[in-house]
Amino acid sequence: MTKIQGIILSFLLLVFSCQTTEDDFIESAEENAIIQVTNHNGKPFDSGTSASIPKSFNAGPGGGVMMQAFYWDVPAGGIWWNTIKSKVTSWSNAGIDAIWLPPASKAQNGPFSMGYDPTDYFDFGNYNQNGTVETRFGSKTELVSLITKAHQQNIKVFADMVLNHNSGGQLENNVYTGGQTWTDFSGVASGKFLRSQHDFHPNGIHHNDSGAFGGYPDLCHDNSYVQDWLWNRADGVGKYYKNTMKFDGWRFDYVKGFAPWVINAWNAHIGGFSVGEYWDSNVNTLEYWANNANSSVFDFACYYKMHDAFDSNNLNKLNDDMMWKRNPFKAVTFVSNHDTNIIYKKMLAYAYILTHEGYPTIFYKDYEVWLDKTSLNNLIWIHNQKATGTTSILYTDTDEYIARRNGYNGEPGLIVYLNNSNSWKERWVPTNWYNVQIKDFTGHSGWFPTTQGGGWVKIQSPPNSYSIWSVNY
């Protein structure tokens, strides 16, 4: 064999070896069945429409994104409603379709309260009680102005409703306890929903419901008077908030404290978007509550699995069950909120919830203070424009996770590649795209690969980061 023949043979062996390795990898990958996570008609999450938004607003084929527009102990002094008002235009431009506000009514701690100890459901900062006229967040006039501005910017506004407990009543002799309790709310300044010992537990109906909170008087929802004022009356809490204050939906606080039929009844009589805070990582419990309440629920199962996956360095945990996999149309996903902030690798978590199903929520401090806003805006855009269709998991190991959104209504969907390691990673993956060029819409990769006739393509992801791929148009 001549020297030239040897070089040619070595080259052919190298080519054959590379081709064999690539084909073997694809064949091996095909043997591992793709995990089809969701099975439905592919429609995006829909938080409903607002009669107060003047024109039709389409957040994009992938749906919209909610902003939790506060954090614990926001600045006092009555400035918060105006602070949020100044941001809704830029949030709308970024693709936010709804904001969740803190409890808006007057609470026991007056100008210092975050609103979770409600006294007078009809005092939005327009009555002098509990040591203040304005709430911690501002006046009723400022709140109405904020809601109006949000609607003008095509953003829905969700109220945080505390229906489990009240605070700030006066002492009265209680025939059910034989002592004195802080259950006399007959003097609230609005003159509406006047409550007494008969409207709290224990009372003549029963001793207790699912759970009291913090020692506060615990509302009895089986009492017809309470039902009338919460959702039956035309001038009651729910209908006033919706029809007069123009709220578009509800985040219900501490729904563990009462039966799910309460939220079901509210939704049936009031309408609007609904999500419950049922703080539990058990998916069966979350699904049971959501179905019986006829409501969305925060996906705490997803939240804790993301913590396990990203912070404990095992992305296989993302194969575990979550609410959005059970029912993506009743799952609200989140990375942190005013109560809990345990996930350290937040950008990986946001890349996860903003490419997967459910209704993703951005936390105010993550967006405005702690994380890179440009990167979050990019993920919001990708969610709204590209995150369509059902979900299939293509590959997982301790460091890597690859999933595909399968597209809907002519939209191609996407493939997200999460990399929790300290080095670049590459994988061959099966797509639903054939003989087309794709790109990473995050800009993290400079590749512009073309999918094979069978849909396979090699993609990459940077260390401790992510890439998100779709058809290049």
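The values are calculated or read from the model by the stated rules, or taken from the named source; none is laboratory data. What you see is a predicted model, and the numbers here were worked out from it, not measured in a lab. Methodologically, a virtual Cβ is constructed for each residue, glycine included, from the backbone with ideal geometry; neighbour enumeration extends over all protein chains shown.
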Thr355 vs. criteria among the polar types (S, T, N, Q) and touching a Leu at 6+ places or on another chain (Cβ under 8 Å): yes
- line: The condition of being under 27 Å from the mean Cα position of the chain (by Cα) and without any contact (Cβ under 8 Å) to a residue 24 or more places away in the chain holds, among Ser113, Ser145, Ser105, only for Ser113
task: Scan the range 61-94 residue by residue and report those that are more than 24 Å from Tyr350 (Cβ to Cβ) and not in a helix (DSSP H, G or I).
output: Pro75, Ala76, Gly77, Gly78, Ile79
message: Considering only residues that are touching a Leu at 6+ places or on another chain (Cβ under 7 Å) and closer than 21 Å to Trp324 by Cβ, which ones fall in the range 382-414?
response: Ile382, His383, Lys386, Ala387, Thr396, Glu400, Tyr401, Ile402, Ala403, Arg404, Arg405
task: Just give me the residues in the range 411-454 being in a loop (DSSP other than H, G, I, E, B) and under 12 Å from Val471 (Cα atoms), in sequence order.
output: Pro412, Gly413, Thr431, Asn432, Trp433, Tyr434, Asn435, Val436, Phe441, Phe448, Pro449, Thr451
- request: Among residues belonging to the range 199-233 that are outside any loop (DSSP other than H, G, I, E, B) and without any contact (Cβ under 8 Å) to a residue 24 or more places away in the chain, point out the one that is surrounded by the fewest Cβ atoms within 10 Å (Cβ to Cβ).
  value: Ser224
- prompt: So how many residues does the range 439-458 have that are within 20 Å of Glu400 (Cα to Cα) and either of a type in the set (A, V, I, L, M, F, W, C) or not assigned by TED's automatic domain parsing to the domain that holds Ile34 (or both)?
  reply: 4
- request: Identify, by number, the condition in (1) assigned to a loop (DSSP other than H, G, I, E, B); (2) among the aliphatic types (A, V, I, L, M); (3) in contact with a Lys or Arg (Cβ under 7 Å, 6 or more places away or on another chain) that Leu394 doesn't meet.
  value: (1)
Search result, residues across the range 143-193 that are in a loop (DSSP other than H, G, I, E, B) and loosely packed, with under 15 Cβ neighbours inside 10 Å: Val175, Thr177, Gly178, Gly179, Ser186, Gly187, Gly191
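Rundown of residues vs (1) out of contact with any strand residue (DSSP E or B) (no Cβ under 9 Å at 6 or more places or on another chain); (2) crowded, with 17+ Cβ neighbours inside 10 Å, yes/no style:
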{"site": "Ser336", "(1), (2)": "no, yes"}
{"site": "Tyr344", "(1), (2)": "yes, no"}
{"site": "Ala351", "(1), (2)": "no, yes"}
{"site": "Glu357", "(1), (2)": "no, yes"}
{"site": "Pro360", "(1), (2)": "no, yes"}
{"site": "Tyr367", "(1), (2)": "no, yes"}
{"site": "Trp370", "(1), (2)": "no, no"}
{"site": "Leu376", "(1), (2)": "no, yes"}
{"site": "Asn384", "(1), (2)": "no, yes"}
query: Which one of Lys345, Lys317 is touching a residue at least 40 places away in the same chain (Cβ under 8 Å), more than 21 Å from Trp289 (Cβ to Cβ) and of a type in the set (D, E, K, R)?
result: Lys345
field: Asp299 being surrounded by 20 or more Cβ atoms within 10 Å (Cβ to Cβ) and touching a residue at least 40 places away in the same chain (Cβ under 8 Å)
entry: yes
- prompt: What tally of residues in the range 319-355 results from selecting those that are more than 17 Å from Leu286 (Cβ to Cβ), of a type outside the set (Gly, Ala, Ser) and assigned to a helix (DSSP H, G or I)?
  reply: 6
- request: Sort through Asn154, Asn130 and tell me the only one that's in contact (Cβ under 8 Å) with a residue 12 or more places away in the chain and within 30 Å of Ser52 (Cα to Cα).
  value: Asn154
